[in-house]
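The values are calculated or read from the model by the stated rules, or taken from the named source; none is laboratory data. Because the structure is a prediction, the values reported are computed rather than measured. Please note: Cβ atoms are built from the backbone with ideal geometry, for glycine as well, and neighbour counts cover all protein chains shown. These accessible areas exclude ligands, DNA and RNA; they are computed on the full protein's heavy atoms, side chains included. Shrake-Rupley method; radii C 1.70, N 1.55, O 1.52, S 1.80 Å.
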Amino acid sequence: MGNNDIVKILFLAASPKETKRLQLDLENRSIKEFIQRSTYRENFKIESEWAVRDSDLLYLMNMHHPQIVHFSGHGTSTGELILEGQDRSLRPVAGESLQSLMRIFKNDARLVVLNACNSSIQAEMIAQEVDFVIGMEDLIGDGAAINFISAFYQALAFGNSIQNSFEQGIAQLQIKNIPAAHIPQLFVRPGLDANQADWRYLIAPTTPSSQQKTQRSSATGSSTSNTTKEPVSIVISYAPEDEKFRASLEKHFTTMRRNGDITIWHANSTAAGDDIIEKVHYLNSADIVLLLVSKDFLSSDSIYENEIRPAIDRREKGLSRVIPIIVSETADWDKDKLFGNLFALPRQKKPVSAWKDEDSAMVSIVQDVRNVINDIRERHA
């Protein structure tokens, strides 16, 4: 058996000293044991790297050139993966950075597994570059993560398709009566079908070029849409003090995101200065910019100059829509010379904080934004 018959799995593990200790060694061992019980066990090889630092990623990808990249560790509530910095300190890595990394190595890596809490946001972004990506929609415990992914790899090593293997992983959670079957998510790059790809595909991909599908699978099944419409890109600009509101609002866009109607990025995703290029790219390519207006937002000179002003400039050129969303009572925001005269949500400019039910306010906002999205999609078509 030559190297051309081997699927190489790069197992990346990180658990900085400031985080809860995870059973990463048990996960690694369980994956190996489940693969060893399968028909094509000789066709899989696991390369394990421990205490992975952010500075290691390029080196490890260049050294191993894996077909499967598997990350096991922690994820933040806002969607970053946590790697290690110097002295095993925390180093959150934004999805945009991982997307850029995988774009470079997309001719090697065909499957990415993010076995970490709240990683579905990154997974969906990476699926724009990599054929198949698995991420987690919510918090997931060690037992659930290990049971799901071990069953997935076992099914894959038995020769099943990626779609079927994913569903077997979900079934394992249900058999074990672990209430987490809704958490794993499978994202598929537009134009591909997870039912038509098995471990051999990961080595030598063959896909009909005429196939135009966008497929997204979850614990409840899969859906396919025959459309070539590009998703509408949304950027949320907000103050760090309004992070809780931003996260809650973004959840109300989940169905549109899953259906491929939109992509969402928030302007505070880039935590490090060396990611500023990614930040500028998203702000300069957004179809819609949502401004979460509050006293903290309005008082930030940095947000005003680096996010609001560029957004308004693009709006004036007809390149994007800018929609203020009034989070809380903010004096004189509507007198601002850049965006004070724009149509704002919720309607009647009633701040969300003044509503008896915050979710009702957000549903109203999303419905109005959906109208804008539909208009943009029609124009794109």
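In the chain, the longest principal axis of the Cα atoms and the axis of helix 358-380 are about 80 degrees apart. Give the accessible surface of the range 275-381 per residue, rounded to a whole number of Å², with probe radius 1.4 Å and ligands, DNA and RNA excluded. Per-residue accessible area for the range 275-381 comes out at 54 Å².
What is the sum of charges, Lys and Arg at +1 and Asp and Glu at -1, for the other residues whose Cβ falls under 13 Å from the Cβ of Q36?
Working: positive: R29, K32, R37, R41, K45; negative: E33, E42.
Result for the local shell: +3.
Descending by average beta-carbon neighbour count within 10 Å, the peptides 233-239, 368-374 line up as 233-239, 368-374, the highest first.
Dimensions of the range 1-155 along the principal axes, based on C-alpha atoms and rounded to the nearest Å, stand at 42, 33, 29, largest first. Per atom type, the range 1-137 shows carbon and sulfur on 45% of its accessible surface, probed at 1.4 Å. Taking every alpha-carbon pair under 8 Å whose residues sit at least 6 apart, the range 296-381 reaches a relative contact order of 21 percent.
The alpha carbons of the chain stretch over 71, 50, 40 Å along the principal axes, in descending order. With the convex hull drawn around the C-alpha atoms of the range 298-381, the volume per residue stands at 101 Å³.
Between Q128 and N195, take the C-beta separation as r, use R0 = 25 Å, and let me know the FRET efficiency to the nearest 0.05. Mind showing how you got there, number by number?
Numbers: r = 20 Å, r/R0 = 0.81.
Working from the Cβ atoms, E equals 0.80.
Summing charges over neighbours of M63, with a neighbour being any other residue whose Cβ is under 13 Å away from its Cβ, gives -3 when K and R count +1 and D and E count -1.
For the peptides 187-194, 175-182, 131-138, the ranking by mean Cβ contacts within 10 Å, running from highest to lowest, is 131-138, 187-194, 175-182. Sorting E80, E241 by accessible area puts them as E241, E80; the probe is 1.4 Å, largest comes first, and only protein heavy atoms count.
What number, rounded to the nearest 500 deg cm²/dmol, is the helix-based mean residue ellipticity at 222 nm of the chain, given -39500 (n - 2.57) per DSSP H run of at least four residues and division by all its residues? Kindly include the intermediate steps, with their values, before the conclusion.
On the way: 13 runs with 131 residues, N = 381.
Calculated at 222 nm, the ellipticity per residue is -10000 deg cm²/dmol.
For the chain, the longest principal axis of the Cα atoms and the long axis of helix 142-157 meet at an angle of about 60 degrees.
In the chain, what percentage of the DSSP-assigned beta bridges are antiparallel, given to the nearest 5?
Among the beta bridges of the chain, antiparallel pairing accounts for roughly 35 percent.
GNM remark for the chain: springs join alpha carbons under 10 Å apart, and the peak mean-square fluctuation among L57, L83, L292 falls on L57.
Leaving out ligands and nucleic acids, note down the accessible area per residue over the range 1-125 with a 1.4 angstrom probe, in whole Å². Spell out each step's value before the answer.
Details: 5630 Å² over 125 residues.
Ligands and nucleic acids excluded, the figure is 45 Å² per residue.
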